[in-house]
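A.B. asks: Before we start, here is the structure in question, set down as structure tokens.
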Amino acid sequence: MSKVAIITGAGSGLGQSTALRLAQDGVNIAVVDINEEGGNETVSKVKELGADALFIKADVSKAEEVKNYVDKTVEHFGSIDYFFNNAGISGSGKYFLETDIKEIEQIVGINMLGALYGLRYVAEVMVKNGGGSIVNTASSAGVIGQDTVVTYSATKHGIVGMTKSLVAEYAKDGLRVNAVAPGPTETPMVKAYFDANLEMKKNAEAGIPQKRLGTADEVAELVTFLLISKAQYINGDVIRIDGGFTNTK
Ligand SMILES: NC(=O)c1ccc[n+]([C@@H]2O[C@H](COP(=O)([O-])OP(=O)(O)OC[C@H]3O[C@@H](n4cnc5c(N)ncnc54)[C@H](O)[C@@H]3O)[C@@H](O)[C@H]2O)c1
């Protein structure tokens, strides 16, 4: 029987690329996003590749909407084998003391609570069914400190913490939980930002040992490896994919 993956933030960037990569391996996808247009685009592209897909609109910062995307997935596909817990926002890039409380609440709500709610409901189904594999999206900012991203960095360090600690509790029940920590990666979000700030793009590339940004397809390949490969003994790890960026800090 075909395997089933839930991907949050699947309407764009890393989530969409991973949906298409998994579909190439015949995995059916529950496409979760707040953005209907992007979500429906991903569904069409997955179906073109011959896998099944269902768009479920949800704001991951709302626990009841998270429970709903988990219930709808089980109802439609019958199970959840893989979970790419990926939806996130970056914030304004202001220095911390210039950041207003609303922005702090929004970033924590989506990146941190959204990820925790997803793990809470998805892991419950997986443990009941004998196990499953999860990849959470951290970031370079989840493994090193950087300026202008204090709140974002706090949430991404949080992703690392929840990844490791879940394994401590549920690896015995068949759960594998890992995180990816991408450096600057050319997704629509980042591309729009750098297109408007070419100088910043040049500076970012100069700071990366490989002298280029990552691509969404490269991250999708890693996530697919962690989710579905025979690497069944990798658990609670955080894999950096950043052209050497954080390893040289
Ligand atoms: N692109 C990078 O350089 C980079 C680097 C490190 C980590 N990340 C992380 O990767 C993840 C994906 O980012 P991306 O670069 O693909 O960005 P993106 O903006 O291209 O995609 C993010 C998707 O998440 C969705 N989303 C946002 N808020 C949501 C909410 N409340 N509920 C449901 N969906 C929501 C958006 O609609 C969008 O489709 C994020 O967690 C981000 O922090 C990105």
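A.B. asks: Using a 1.4 Å probe on the protein chains only, how many percent of the accessible area of the chain belongs to carbon and sulfur?
C.D. replies: Answer for the chain: carbon and sulfur cover 53 percent of the accessible area.
A.B. asks: Could you calculate the FRET efficiency of Asp71 with Met1 from 1/(1 + (r/R0)^6), where r is the beta carbon distance between them and R0 is 22 Å, rounded to 0.05?
C.D. replies: Approximately 0.65, to the nearest 0.05.
A.B. asks: Given the pairs Lys47/Lys191; Lys3/Lys249; Lys45/Lys72; Lys62/Lys156, which span a C-alpha to C-alpha distance of over 28 angstrom in this model?
C.D. replies: Over 28 Å Cα-Cα: Lys3/Lys249.
A.B. asks: Under a point-charge model restricted to the Cβ atoms of Lys and Arg (+1) and Asp and Glu (-1), what is the dipole moment magnitude of the chain relative to its Cα centre, in debye to the nearest 20?
C.D. replies: About 600 debye.
A.B. asks: Can you list the DSSP H helices in the chain whose Cα atoms extend at least 24 Å along the helix axis and whose mean Kyte-Doolittle hydropathy is 0.0 or higher? Numbers along the way, then the final one.
C.D. replies: On the way: long enough: 150-170 (30 Å, 0.23).
Helices meeting the span and hydropathy rule in the chain are 150-170.
A.B. asks: Let me ask something else about it. Run the helix sum for the chain: -39,500 (n - 2.57) per DSSP H stretch of 4+ residues, divided by residue count, reported at 222 nm to the nearest 500 deg cm²/dmol.
C.D. replies: That calculation yields -14500 deg cm²/dmol at 222 nm.
A.B. asks: What do you get for Rg/Rh over the range 96-149 if you use C-alpha atoms and the Kirkwood form of Rh?
C.D. replies: For the range 96-149, the value is 1.12.
A.B. asks: How long is the gain from Gln106 to Thr248 if the chain were fully straight, where each residue apart is worth 0.36 nm and the alpha carbon distance is subtracted?
C.D. replies: My answer for the length gained is 48.0 nm.
A.B. asks: What does the extension gain come out to for Ala168 and Lys47, with contour length at 0.36 nm per residue minus their alpha carbon separation?
C.D. replies: Stretched out fully, the Ala168 to Lys47 stretch lengthens by 39.9 nm.
A.B. asks: On to the next question. For the pair Asn129 and Val238, how long in nm is the line joining their label points, each one 7 Å along Cα→Cβ?
C.D. replies: Distance between label points: 2.9 nm.
A.B. asks: How charged is the neighbourhood of Lys211? Take every other residue with its Cβ under 11 Å from the Cβ of Lys211, and add Lys/Arg as +1 and Asp/Glu as -1.
C.D. replies: Computed value for this residue: +1.
A.B. asks: Given the options Val167, Leu213, Val150, identify the residue whose Cα lies farthest towards the positive end of the charge dipole of the range 122-249 (+1 on Cβ of Lys, Arg; -1 on Cβ of Asp, Glu).
C.D. replies: Val167
A.B. asks: Say R0 is 35 Å: what FRET efficiency, to the nearest 0.05, do Glu98 and Ala231 get from their beta-carbon distance? Spell out each step's value before the answer.
C.D. replies: Details: r = 43 Å, r/R0 = 1.22.
Between Glu98 and Ala231 the formula returns 0.25.
A.B. asks: Follow-up. Quick one: which residues, 5+ away or cross-chain, put their amide H under 5 Å from the amide H of Leu175? H built at 1.01 Å from N.
C.D. replies: Gly132
A.B. asks: Assuming 0.36 nm per residue, please report the length gained on full extension of the stretch Gln210 to Ala192 beyond their Cα-Cα distance.
C.D. replies: Roughly 4.3 nm would be gained on extension.
The values are calculated or read from the model by the stated rules, or taken from the named source; none is laboratory data. These numbers were taken from a predicted model, which means no experiment stands behind them. Quick reminder, even Gly has a Cβ in these numbers, built from the backbone with ideal geometry, and neighbours come from all protein chains shown. Just so you know, the surface numbers come from the protein's heavy atoms only, side chains and all, with ligands and any DNA or RNA stripped out. Shrake-Rupley method; radii C 1.70, N 1.55, O 1.52, S 1.80 Å.
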